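Below: the structure, in structure tokens.
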Amino acid sequence: MASENPDQEVVDPTECATCGKTIDPSAWHPVATLFDDEGDFHLFTFCSVICRNRWVEK
């Protein structure tokens, strides 16, 4: 289920935030969280630790 933020693009927790690969929601996968400048909370999901590390390096 994707959530929509009016100031952001649609976030799909079943899609890798780095490469777009489909993520099985019943399996373990790495995530990252952050608060933006407006104080909104964001959750990013990744298909692998490699993709999470690439996202962190951006």
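Output the number of the condition that ARG52 fails; it satisfies all remaining conditions of (1) at pLDDT 95 or above; (2) buried (at least 16 other Cβ atoms within 10 Å of the Cβ); (3) over 10 Å from the mean Cα position of the chain (by Cα). The failed condition is (3).
Of the numbered criteria (1) at pLDDT 90 or above; (2) in contact with a strand residue (DSSP E or B) (Cβ under 7 Å, 6 or more places away or on another chain), the one VAL11 fails is (1). Of all the criteria given as (1) surrounded by 10 or more Cβ atoms within 10 Å (Cβ to Cβ); (2) at pLDDT 90 or above; (3) part of a loop (DSSP other than H, G, I, E, B), the one not satisfied by GLU38 is (1).
The values are calculated or read from the model by the stated rules, or taken from the named source; none is laboratory data. Please read these numbers as outputs of a predicted model, since none were measured by experiment. So basically every Cβ, Gly included, is an ideal-geometry build from the backbone, and we count neighbours across all protein chains shown.
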